[in-house]
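Here the structure is laid out as structure tokens; the discussion comes afterwards.
Read the figures in this text as sums done on the coordinates, not as results from a lab. All values derive from a computational prediction rather than experimental measurement. Neighbour counts run over all protein chains shown; Cβ positions are idealised from the backbone, glycine included.
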Amino acid sequence: MTESTRADSIHHAKKSRSLFGLLSDLPGLVTDLVKGEIELLKKELIAKAKVFGIGAGLIVGALLFLFLMLLCFIGAGIFALSLVMPGWLAALLVGALFLVIAAALGFLGYTQIKKGLPPLPKNTIDSVKADIKAVRGVGRIPRSDVGGRF
């Protein structure tokens, strides 16, 4: 049997299959489709992660050089102050200024963190509990949620 004759007979066999035969193929086709989509997703995410990693590395390098630049400016500020006062006093004043700034930022950060505690999504948990009760038939869905979720 030649290749084209065999392909024609397979094509004809697929054309003349019954509905039940076609439906029996459906789970395998869906599985293959899902597997193919997952593979495509993996490849796309890996490619994007590589690009993201390179970009993040470059940004970290830039931040390192910004930090070194800041150290140079601090040194320049200390040297400038040392023209009008002893060098040790200039360094002490700049250090004290940074201590005050660090304390203020630390206090502001602490108050923000305290506002966010506990880190549980309370509204979502309450909503899920209400949904579970509604599915069980124990409670009712609040009127404000009806129609507003989708």
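What is the packing order of peptides 107-116, 83-92, taking the mean over residues of other C-beta atoms within 10 Å and listing the highest first? It would help to have the intermediate numbers written out before the result.
On the way: 107-116: 9.0, 83-92: 12.1.
Highest mean packing first, the order is 83-92, 107-116.
Give me the compactness ratio for the range 82-140, meaning the Cα radius of gyration over 2.2 N^0.38 Å.
Numbers: Rg = 25.9 Å, N = 59, 2.2 N^0.38 = 10.4 Å.
Relative to the rule-of-thumb radius for its length, the range 82-140 sits at 2.50.
Sorted by mean Cβ packing within 10 Å, highest first, what order do the peptides 49-58, 127-136 take? Could the numbers behind the result be given before it?
Details: 49-58: 10.1, 127-136: 12.3.
Ranked from most to least packed, the peptides come out as 127-136, 49-58.
Among Q112, A130, L99, whose Cα sits farthest toward the positive end of the charge dipole of the range 82-140 (+1 at Cβ of Lys/Arg, -1 at Cβ of Asp/Glu, about the Cα centre)?
A130
Full extension from K114 to F73: what is 0.36 nm times the residue separation minus their Cα-Cα distance, to one decimal in nm?
Working: separation 41, 0.36 × 41 = 14.76 nm, distance 3.44 nm.
The span from K114 to F73 would gain 11.3 nm if fully extended.
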